[in-house]
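K.L.:
Sharing a structure here in structure tokens format.
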Amino acid sequence: MLEDPRILDTPFADALSERYLVYALSTITARSLPDVRDGLKPVHRRILWGMRLLKLDPATGYKKCARIVGDVMGKYHPHGDASIYDALVRLSQSFALRYPLIDGQGNFGNIDGDNAAAMRYTEARLTIAAADLMDGLDENSVAFRETYNGEEEEPEVFPAAFPNLLANGASGIAVGMATSIPPHNVAEIADAATVLLDNPDASIDDLMQHLKGPDFPTGGVVVEPASAITQAYATGRGSFRLRARWSVEPAGNGTWVIAVTEIPYQVQKGKLIEDIAALINDKKLPILADVRDESDTAIRLVLEPRSRNVDPGVLMESLFKLTDLETRFPLNLNVLDRDHVPRVMPLKAVLQAYLDHQIEVTANRTTFRLTKIDDRLELLDGYLKAYLSIDEVIRIIREEDEPKAELIRRFGLNERQAEAILNLRLRALRRLEEIEITKEHKALTAEASKLRALLDSPQAQAKRLRDDLAKLRTRYGPETALGARRTEIGTAPVVTMIPLEAMIDREPLTVIVSAKGWIRAMKGHVDLTAPDLLKFKEGDGPAFAFHAHTTDRIVIAAATGRFYTLGADRLPGGRGFGEPVRLMIDLDGAAAIVALFVHRAGERLLLAASDGRGFVVGGDDLLAETRKGRQVMTPRAGASLKIVRPIPADDDHLGVVGENRKLLIIKLDDVPVMARGQGVALQKYRDGGVADITSFKRADGLSWAMGGSGTRTRTEADVGPWVGPRGGTGRMPPVGFPRDNKFA
């Protein structure tokens, strides 16, 4: 049986990697990353090109978006109409683009997050910025290529007199890389580009004197330090803290409200209001009473404080921390260079690429104009020769059988000139026409001379580009409505923050946790021996019980060495059996809870694993910000976290007793203070592990509970026989030491 020649015998891994590489390169170069020269991705470029061919100039009427999407999809971009329309909508949104490239008519969405109307209802045309971006396409200023089906042509890149990459920014996720470029002010871009044009060795500091930072369409205040902004542009990577713009307004009778008039870029106003309202409903921000949306065409959110004694700065700093009134916008200048190679460029390289492209476009347009002038001069030369011997020309045309050949032979014309003379209308033989042709010939000759001088002189090209940048700055200058800077570059005010727990009413609680991990909090500090505390589900029993307050943070230590944090005010009430603590934190179902206690600021604790390794840790290093907790101790294989003990400030020694009933006393200073890790060996064992550890002040002696129903303790004043180096084995404890090997 003959094998099918279409079937290739190749290793699966090679075939998969080859095809995935093709897909990855396609995603990077033809979908997700913008070109450094015009700042556009292919879909945006094709939409604008299609609209230009439909003659949707800024001065003409609108056309249905469905017509535009259909043309673009059928001729240039063979993908889904929804993706094309989504891209078209974004190009028209004044809150998404600093300088919209499409002028939309109809519902194109809003900052609340509402979607645009269907494409059959909306209309669009190009804006002045888009016209500037494509100016020169009819003059061979850039290269063209065939469309996907070979029936049409499309530009590989736009001439881009408008610096779209920095002006409008870009974002996208490719395979293994991403791009995130904020929008900027065109006037500042033009100034920085002019500085670089005049001085190619200009430093990033020189450029940053003119380009201050991002200029978002929704305004706001960038509160990143100037040094961090400069560093971000110097490397092409960084981020910017962006805050809402707000002010305090009097509300009568000594009260006030806060009015938010600008929100961070790409934050949906509706979602932001929902988040603030959730803070109020969940009582996570007690100093805030209400939020109202009084927006019309302009944004206006009104925040009402709980009382007039609330500090406005503290309220806003709390909201900045808890909501998207403050965001971070990343800077990742990852673009395709002129060779279509993706790379992260610093600001200077991006501006230089823009200038190089403009010089190239200027040269191409000049060459195109020269070609047109030379073609016209060629015809004018033929016309002038004909006018000098007009009678002979007329005779040849009237009498010769082959007038074209005779004109070529008689006057030294080429075929194109002879054809043009034969096509002259009789009324063009007037004397006045000869004078006009002579004047046109002289003017074109002078223009051609200037254009050749421009092509031959880099200095002249730089001067032309400098003039173009000056015109660009005038058109989008800070005195114009579109060009005025919207985002303020400032610094975050220094505000003495009130901890959020201080905003919660301080009330006593009794926290109870069962052996199976059910947690509840009873109001008040009840007697820990009260019968009510012993009520648990069948088969369950007590594990932890202690007094706390609603403002406390509860720390949970798991046997895996991971620590979790819960707000005491968020614990379920004392009625019933409570709730499983594993619903509140991401605690492994197989991990036992080793300790559960109230966090005390500045407290020191000893952590010890079952194999006798341990270290001292600060209480603040145990706090976790998320449900996933914080990995503090990393026990070795086969071991687990077993002991978590607070260390009083005056204690200077540790007593360690093993399951083998060996007691070792070591200096506390010999135990390292760490934020995380495995720790060091406190005591070594041949069999078993650590049983218990306590800290004490040597001058006071080592004490332990005598057991029984009483609270009597016994103290060994002279502990010298048991003192040894850290990591020793120890010796049998004093007479009377508890048989369970526990200090308490």
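The values are calculated or read from the model by the stated rules, or taken from the named source; none is laboratory data. Computed from a prediction, not measured in an experiment: that's the story for all the values here. Neighbour counts run over all protein chains shown; Cβ positions are idealised from the backbone, glycine included.
Listed here are the residues, each with its yes/no results for (1) in contact with a helix residue (DSSP H, G or I) (Cβ under 6 Å, 6 or more places away or on another chain); (2) closer than 24 Å to residue 214 by Cα.
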site: 272; (1), (2): no, yes
site: 276; (1), (2): no, no
site: 285; (1), (2): yes, no
site: 311; (1), (2): no, no
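K.L.:
Give the residue that is modelled with the lowest pLDDT, with candidates limited to residues of region 393-448 that are assigned to a helix (DSSP H, G or I) and of a type in the set (Gly, Ala, Ser).
P.N.:
If we take residues in region 393-448 being assigned to a helix (DSSP H, G or I) and of a type in the set (Gly, Ala, Ser), then 428 is modelled with the lowest pLDDT.
K.L.:
Going through 195, 222 one at a time, which residue ends up being surrounded by 20 or more Cβ atoms within 10 Å (Cβ to Cβ) and of a type in the set (Val, Ile, Thr)?
P.N.:
That would be 222, the only listed residue that is surrounded by 20 or more Cβ atoms within 10 Å (Cβ to Cβ) and of a type in the set (Val, Ile, Thr).
K.L.:
Name the pairs: first residue in region 345-370 and without any contact (Cβ under 8 Å) to a residue 40 or more places away in the chain, second residue crowded, with 22+ Cβ neighbours inside 10 Å and of a type in the set (S, T, N, Q), Cβ to Cβ under 9 Å, at least 6 apart or on different chains?
P.N.:
Matching pairs, first to second residue: 360/141.
Yes/no matrix, rows are residues, columns are (1) touching a Ser or Thr at 6+ places or on another chain (Cβ under 7 Å); (2) part of a strand (DSSP E or B):
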site	(1), (2)
675	no, no
686	no, no
692	no, yes
695	no, yes
703	yes, yes
718	no, no
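K.L.:
Report, by residue number, each residue of region 605-624 that is outside any helix (DSSP H, G or I) and among the charged types (D, E, K, R).
P.N.:
The answer is 611, 613.
K.L.:
Something else about it: Hey, could you check region 291-348 for residues that are assigned to a loop (DSSP other than H, G, I, E, B) and of a type in the set (Ser, Thr, Tyr) and say which is modelled with the lowest pLDDT?
P.N.:
307
Here's the yes/no breakdown for (1) among the β-branched types (Val, Ile, Thr); (2) within 30 Å of residue 243 (Cβ to Cβ); (3) in contact (Cβ under 8 Å) with a residue 60 or more places away in the chain:
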position	(1), (2), (3)
391	no, no, no
404	no, no, no
410	no, no, no
417	no, no, no
441	no, no, yes
456	no, no, no
469	no, no, yes
483	no, yes, yes
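K.L.:
Where the second residue is among the β-branched types (Val, Ile, Thr) and buried (at least 19 other Cβ atoms within 10 Å of the Cβ) and the first is farther than 13 Å from residue 177 by Cβ and lies in region 327-339, which pairs have Cβ atoms under 6 Å and are six or more apart or on separate chains?
P.N.:
337/36
K.L.:
Please state which of the following conditions residue 8 fails to meet, knowing it meets all the rest: (1) touching a strand residue (DSSP E or B) at 6+ places or on another chain (Cβ under 7 Å); (2) more than 17 Å from residue 89 (Cβ to Cβ).
P.N.:
In the conditions (1) touching a strand residue (DSSP E or B) at 6+ places or on another chain (Cβ under 7 Å); (2) more than 17 Å from residue 89 (Cβ to Cβ), residue 8 misses (1) alone.
K.L.:
Something else about it: Hey, could you check region 119-175 for residues that are of a type in the set (Ser, Thr, Tyr) and farther than 22 Å from residue 480 by Cα and say which is nearest to the chain's Cα centre (by Cα)?
P.N.:
Taking the candidates together, the pick is 171.
K.L.:
Taking the stated definitions as given, is residue 96 out of contact with any strand residue (DSSP E or B) (no Cβ under 8 Å at 6 or more places or on another chain) and either surrounded by 15 or more Cβ atoms within 10 Å (Cβ to Cβ) or part of a helix (DSSP H, G or I) (or both)?
P.N.:
Yes: the conditions hold for residue 96.
K.L.:
Could you tell me which of the residues 86, 103 is free of Cβ contacts under 8 Å to residues at least 24 places away in the same chain, surrounded by fewer than 22 Cβ atoms within 10 Å (Cβ to Cβ) and among the acidic types (Asp, Glu)?
P.N.:
86
K.L.:
Residue pairs, Cβ under 7 Å, 6 or more apart or interchain, first in region 176-197 and touching a residue at least 12 places away in the same chain (Cβ under 8 Å), second in a helix (DSSP H, G or I) and charged (D, E, K, R). List them.
P.N.:
Close Cβ pairs (under 7 Å, with a partner that is in a helix (DSSP H, G or I) and charged (D, E, K, R)) amount to 187/473; 190/473; 191/473; 194/466; 195/206; 196/348; 197/466.
K.L.:
Among the residues of region 269-290, what is the count of those that are in contact with a strand residue (DSSP E or B) (Cβ under 7 Å, 6 or more places away or on another chain), in contact (Cβ under 8 Å) with a residue 12 or more places away in the chain and assigned to a helix (DSSP H, G or I)?
P.N.:
Of the residues in region 269-290, 4 are in contact with a strand residue (DSSP E or B) (Cβ under 7 Å, 6 or more places away or on another chain), in contact (Cβ under 8 Å) with a residue 12 or more places away in the chain and assigned to a helix (DSSP H, G or I).
K.L.:
Follow-up. Out of 247, 227, report the one residue that is touching a strand residue (DSSP E or B) at 6+ places or on another chain (Cβ under 6 Å) and without any contact (Cβ under 8 Å) to a residue 24 or more places away in the chain.
P.N.:
247
K.L.:
When you go through 548, 557 one by one, which is the residue that is outside any loop (DSSP other than H, G, I, E, B), over 39 Å from the mean Cα position of the chain (by Cα) and either more than 28 Å from residue 637 (Cα to Cα) or modelled with pLDDT of 90 or more (or both)?
P.N.:
Every option except 548 fails the conditions.
K.L.:
Shifting gears a bit: Scanning for something touching a Ser or Thr at 6+ places or on another chain (Cβ under 8 Å), surrounded by fewer than 18 Cβ atoms within 10 Å (Cβ to Cβ), hydrophobic (A, V, I, L, M, F, W, C) and not in a strand (DSSP E or B), does region 151-173 turn up at least one residue?
P.N.:
No, there is no match, as no residue in region 151-173 is touching a Ser or Thr at 6+ places or on another chain (Cβ under 8 Å), surrounded by fewer than 18 Cβ atoms within 10 Å (Cβ to Cβ), hydrophobic (A, V, I, L, M, F, W, C) and not in a strand (DSSP E or B).
K.L.:
Now, a different point. Are any residues in region 551-596 touching a residue at least 60 places away in the same chain (Cβ under 8 Å), hydroxyl-bearing (Ser, Thr, Tyr) and surrounded by fewer than 19 Cβ atoms within 10 Å (Cβ to Cβ), and if so, which ones?
P.N.:
Of everything in region 551-596, just one residue is touching a residue at least 60 places away in the same chain (Cβ under 8 Å), hydroxyl-bearing (Ser, Thr, Tyr) and surrounded by fewer than 19 Cβ atoms within 10 Å (Cβ to Cβ), namely 565.
K.L.:
A further question on this structure: So residue 67 ticks every box in (1) out of contact with any Leu (no Cβ under 8 Å at 6 or more places or on another chain); (2) part of a helix (DSSP H, G or I); (3) at pLDDT 95 or above; (4) more than 30 Å from residue 212 (Cα to Cα) but one. Which box is left unticked?
P.N.:
(1)
K.L.:
Sticking with this one: Filter region 201-215 for residues that are part of a loop (DSSP other than H, G, I, E, B) and out of contact with any Asp or Glu (no Cβ under 9 Å at 6 or more places or on another chain) and give the result.
P.N.:
201, 202, 203, 214
K.L.:
Cβ-Cβ distance below 9 Å, separation of 6 or more or different chains: which pairs start in region 505-534 with a residue that is among the acidic types (Asp, Glu) and end on one that is modelled with pLDDT under 90 and in a loop (DSSP other than H, G, I, E, B)?
P.N.:
505/286; 505/550; 505/551; 507/524; 507/550; 507/551; 532/526; 532/574
K.L.:
Looking at the structure I just gave you, is residue 163 out of contact with any helix residue (DSSP H, G or I) (no Cβ under 8 Å at 6 or more places or on another chain) and closer than 30 Å to residue 261 by Cα?
P.N.:
no
K.L.:
Working only within region 182-199, note down all residues that are in contact with a Phe, Trp or Tyr (Cβ under 8 Å, 6 or more places away or on another chain) and in a helix (DSSP H, G or I).
P.N.:
186, 187, 190, 193
K.L.:
Sticking with this one: Restricting attention to region 117-133, and to residues there that are touching a strand residue (DSSP E or B) at 6+ places or on another chain (Cβ under 8 Å) and not in a strand (DSSP E or B), which single residue is surrounded by the most Cβ atoms within 10 Å (Cβ to Cβ)?
P.N.:
130
K.L.:
Can you list residue pairs whose Cβ atoms sit under 9 Å apart, with the first residue in region 632-645 being assigned to a loop (DSSP other than H, G, I, E, B) and the second being surrounded by fewer than 22 Cβ atoms within 10 Å (Cβ to Cβ) and charged (D, E, K, R)? Count only pairs 6 or more apart in sequence or on different chains.
P.N.:
632/621; 632/676; 634/676
K.L.:
Quick one: residue 179 ticks every box in (1) in a helix (DSSP H, G or I); (2) buried (at least 18 other Cβ atoms within 10 Å of the Cβ); (3) of a type in the set (S, T, N, Q) bar one, so which box is it?
P.N.:
(1)
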